[in-house]
Structure formats: structure tokens, C-alpha cells
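Have a look at the structure below, then the notes.
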Amino acid sequence: MLKKNKWILLLTSVVILLPVAAGLILWDRLPDQIATHFGTDNVPNGWSSKAFAIFGLPGITLALHWFAIFITQADPKRKNINGKMLMLLFWICPSVSVLLGALTYIHAMGMKPDVGLFVMLFLGLMFLLLGNYLPKCQQNYSL
């Protein structure tokens, strides 16, 4: 099944790395320390170096994405994986990477987006999608 979805895996991997391209374009405008974690009060409480924020976070997201895809593809009952759920699995990490990359860079450049609002809207959308598709799936080992 991975051979069938290799182009989707390639596309989603490129989308995950879009924040790296944006970070390289904005490199001179970004501070040396970038807020990468925010508290419930929307105040940054975790900081990373510019290089880690630009290269490390998308790299970790890419590794997590590949791990989730390969574990799902190693499912002995992979024929039971719903196509819509598989596409949702393919697009969760790229969506997270683009959203959080954009919010991180916007905050680093001096604007103050409501990170909590965007994260809660994104989580709400994910729960709506998962709640819509999961009841329609057959039981399998991973989804």
C-alpha cells in the first residue's frame, strides 16, 4: 500500500518542510531566540534557538509523520484501513507543521497572534473530522 501512496507521502513531506523554506526566507528578520511554546494565557514560556525553530521542529514533525505512516502501513490487516481515514492520517502532520510554523514566525516577527485560539480551532476541526470518519471504519490494528 505504501507504493500506492508514495506520491502522497512525498507531497505531505514537502508540505511539512514548507516552514523551513519560510524560515530561510525570513532568516534575517527573525530573532536569535524564538518562542516555541506558549502557556494557556498566550504568553511564551519556552524558547528555542533560531536554527532549531527553523530546522528542528519541522524535522521532528517529518520524523513523526513517517513513523505514523510506516506503522500504519505495517498493519497486518491493512486492507481494512478506510481510505478517508488514511488520507486524514497523511494530512494531520503537514497541517500541524504549517499552522505552528506560521504562528511561530508571526510571533517572532513582533505580531501577537492568539496562538491558543488557532490551536483550539484546529483541534476542534480535527475532532470533527475524526468523529465523522471513525464510526464508519472497520476495526484494524492501527486506525
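Quick note: the coordinates plus some simple rules give every number you see, no bench work behind them. Predicted model, so just to flag it, every value in this text is computed and none were measured. Here the Cβ is made from the backbone with ideal geometry for all residues, glycine too, and neighbour counts use every protein chain on show.
Tell me the trypsin sites (Lys or Arg not before Pro) within the stretch 1-98 that lie in a loop according to DSSP and have at most 15 other beta-carbon atoms within 10 Å. Can you show the working numbers first?
Working: sites: K3, K4, K6, R29, K50, K77, R78, K79, K84; in loops: K3, K4, K77.
Hits after loop and neighbour filter: K3, K4, K77.
Taking 2.2 N^0.38 Å as the expected size of a compact globular protein, what ratio does the Cα radius of gyration of the stretch 78-137 give against it, to two decimals? If you can, show how the numbers build up before the last one.
On the way: Rg = 14.7 Å, N = 60, 2.2 N^0.38 = 10.4 Å.
Compared with the compact-globule rule of thumb, the stretch 78-137 sits at 1.41.
If r is the Cβ-Cβ distance from L125 to M87 and R0 is 22 Å, what FRET efficiency results, to the nearest 0.05? Intermediate results must be reported in sequence, preceding the final value.
Values: r = 15 Å, r/R0 = 0.67.
Result of the calculation: an efficiency of 0.90.
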With the Cα gyration tensor of the stretch 48-107 giving a ≥ b ≥ c as the square roots of its eigenvalues, does the rule (a/c under 1.5 for rounded; else a/b larger than b/c for prolate; else oblate) give rounded, prolate or oblate?
-> oblate
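On average over all directions, what projected area in square nanometres does the stretch 1-55 have, based on the convex hull of its Cα atoms? Spell out each step's value before the answer.
On the way: hull surface 21.6 nm².
Computing the convex hull of the Cα atoms and averaging its projections yields 5.4 nm².
When only Cα pairs under 8 Å and 6 or more residues apart are kept, what is the percent relative contact order across the stretch 13-75?
Numbers: 46 pairs, mean separation 21.5, N = 63.
Here the relative contact order equals 34 percent.
Sorted from largest to smallest, which semi-axis lengths in Å does the alpha carbon gyration tensor of the chain give for its equivalent ellipsoid, taking the root of 5 times each eigenvalue?
Each semi-axis is the square root of five times an eigenvalue, giving 32, 18, 11 Å.
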Under Karplus coefficients 6.51, -1.76 and 1.60, residue-wise ³J(HN,Hα) of the stretch 37-51 in Hz, glycine/proline x | 9, 10, x, 5, 8, 6, 9, x, 9, x, 10, 9, 5, 4, 5
Angle between the chain longest axis and helix 57-73 axis [Cα atoms, degrees, rounded to 10] | 0
If you put +1 on each Lys and Arg Cβ and -1 on each Asp and Glu Cβ, how big is the dipole of the stretch 1-122 around its Cα centre, in Debye rounded to 20?
-> 760
Could you list the residues of the stretch 13-40 with an amide nitrogen less than 12 Å from a label point located 7 Å from the Cα of M109 in the Cα-to-C-beta direction?
-> 22-31
Cross-chain or 8 or more residues apart, Cα under 26 Å: how many lysine pairs in the chain fit that? Count them up, please.
-> 16
